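Step one of this worksheet: look at the structure below.
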């Protein structure tokens, strides 16, 4: 009889051990990710203020983020984490295990939706405003108003803006909103976006060796103006410093720049071919009628054009004209006679 009791107890203990091992294994499995392969699958969940561990477990389970509600409650209770769970919106994935999910909610790493936008080199602030409004990121009129009359806060953050003669330019921030790809919060304001783009310009200016500016004898406003001319005139990268060299050569001898891109800016439209009446437009940006640089940038230059403006090629060219041969390149000339011959070749290419 005693042996039977011992045997029964032993069997029971073995069964209990097996059950305990199975329970532990099951619990550990419940702590694992629902789907480790779903690393690109994210769910946005809202945890309301005052939510209990039970309520949070229910939300996570319904969203397919945890395997078992009880396992979540047990985990939180086991480590006494209930009071540390922070309300808010979280971006979670079924590839996260339960511990990672709990750590995210404990950290208060609230998810804020972001949006992306790209501004290409050579755009004007008007063109930027149209693109950003189409994407639903700004009110076009408000954006342009801020580029014309920036807030005092922007002036304080970016002293470079104080160089600009506000009465001489149409948009004070023309050429200062750096072209790049940006990520912003979905609730970003027009001023937030402008500030972000100005900070990027600031970073680029520092990166391209701001000390070089002293060697040029020009202000940053003038360098950005030259860079914008290069940006709008050049179509192939290897010509940027060549065109910069021509611009500096003309400025050095007091020869008018006669740059078509400034006429297009004054006209408010890009025309493939200008006519003689276009060259007579009454505008301070008309470099056919006015000496020196225009009063400000005519577009947003990229980093390559800014570098070219800072470090022009030492050339003895004073003229250039587009080849119209499909290469995107220009002819460069030392004399006016050479220039006229290159114009004749270009016209033949057009025909």
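Quick rundown of the values:
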| item | result |
| --- | --- |
| Residue count for region 254-278, restricted to those that are within 20 Å of residue 223 (Cβ to Cβ) and assigned to a helix (DSSP H, G or I) | 3 |
| Segments classed as helices (runs of 4 or more DSSP H), wholly inside region 91-184, with at least 2 members that are crowded, with 18+ Cβ neighbours inside 10 Å, modelled with pLDDT of 95 or more and over 15 Å from the mean Cα position of the chain (by Cα) | 140-148 |
| Of all residues making up region 330-345, the number that are assigned to a helix (DSSP H, G or I) and crowded, with 16+ Cβ neighbours inside 10 Å | 2 |
| Check on residue 285, in a loop (DSSP other than H, G, I, E, B), more than 18 Å from residue 175 (Cβ to Cβ) and assigned by TED's automatic domain parsing to the domain that holds residue 297 | no |
| Residue tally, condition part of a loop (DSSP other than H, G, I, E, B), touching a residue at least 24 places away in the same chain (Cβ under 8 Å) and touching a helix residue (DSSP H, G or I) at 6+ places or on another chain (Cβ under 9 Å), over region 312-329 | 12 |
| Residues within region 263-307 that are closer than 20 Å to residue 120 by Cβ, free of Cβ contacts under 8 Å to residues at least 40 places away in the same chain and in contact with a helix residue (DSSP H, G or I) (Cβ under 7 Å, 6 or more places away or on another chain), tallied | 2 |
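The values are calculated or read from the model by the stated rules, or taken from the named source; none is laboratory data. If you're wondering where the values come from, they're calculated on a predicted model, not measured in any experiment. Heads up, the Cβs are rebuilt from the backbone with ideal geometry, glycines too, and the neighbour counts pull from every protein chain shown.
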